[in-house]
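Beneath this line is the structure, given in structure tokens, with notes to follow.
All of the numbers you see were taken from the coordinates with simple rules; none came from a lab. Worth saying up front: this structure is predicted, and the values here are computed from it rather than measured. Heads up, the Cβs are rebuilt from the backbone with ideal geometry, glycines too, and the neighbour counts pull from every protein chain shown.
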Amino acid sequence: GLLGGVMKPTAGMLDLAAKTSDGFVNAANDTSSEFAGRVRPPRTTPLDGTLRVFDARAATGFDVLRRVNAGAYRRELFVAYSQLQGMEAVLVTDKRLVVMEVCTLEVRFKVKMSDISSARTQGSGVMVTMKSASSQGIKFYTEALGVSSPKPDRHLSCGDLDTAEWLVSSIMACCQAAAAE
């Protein structure tokens, strides 16, 4: 009766302390690799410095910007990123458009914004038209396998019209800014 009223709470407190210390020991000794890295890419910080809601596409694109081509474009301003149909993705910076393989980040195609004549939706994709080489003296970048290709057009298969329209507006805004420089 009376003795149980004192012993039960005391035993409960001792049991709580023992279980808590066991938890600390188990956490310190845990060598499993449940957490192998980041859960998501780091949040992007806009130029105005305001903290915005996490945007997975922008965060992934900013991370790709820092890693693609051994960080060659990290000084450029990130504008847009989208995964294309198949195994490719497109990265748009203030200076260039880069198409790369998603897994390896191997650059398949790149062109300066000042070398793009226009971008428009075509079906659920984007058709990027380059300025003519003769009028601009453009040196076209090499495509996969290092083969030079003076193609005047490049089709990007987006998969849906909303993404295609968003990419067109991003590309054209950068082209206009490049032309103004």
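The residues neighbouring E181, those whose beta-carbon lies less than 14 Å from its own, together hold a net charge of 0 under the Lys/Arg +1, Asp/Glu -1 convention. Ordering 84-91, 54-61, 3-10 by mean Cβ neighbour count within 10 Å, with the highest value first, yields 84-91, 54-61, 3-10. Taking label points 7 Å from Cα along the Cα-to-Cβ direction, R66 and D160 give a separation of 2.8 nm. Taking a Cβ cut-off of under 11 Å around M100, the surrounding Lys, Arg, Asp and Glu residues balance to a net charge of 0, with basic ones at +1 and acidic ones at -1. Computed extension length for T45-L14: 6.3 nm, one decimal, from 0.36 nm per residue of separation with the Cα-Cα distance subtracted. Any chance you could run the full-extension gain for D94 through R74? It's 0.36 nm times the residue separation minus the Cα-Cα distance, nm to one decimal. So the extension gain works out to 6.1 nm.
Computed from backbone phi, the HN-Hα couplings of region 8-15 come to 4, x, 5, 5, x, 5, 5, 5 Hz, rounded to whole numbers (Karplus: 6.51 cos²θ - 1.76 cosθ + 1.60, θ = phi - 60°; Gly and Pro given as x). The amide H of C158, built 1.01 Å from its N in the peptide plane, has Q85, G125, V126 as neighbours under 5 Å, considering only residues 5 or more places off or on other chains. With a Förster radius of 45 Å, plug the Cβ-Cβ distance of A28 and L2 into 1/(1 + (r/R0)^6) and report the FRET value to the nearest 0.05. Efficiency computed from Cβ-Cβ geometry: 0.65.
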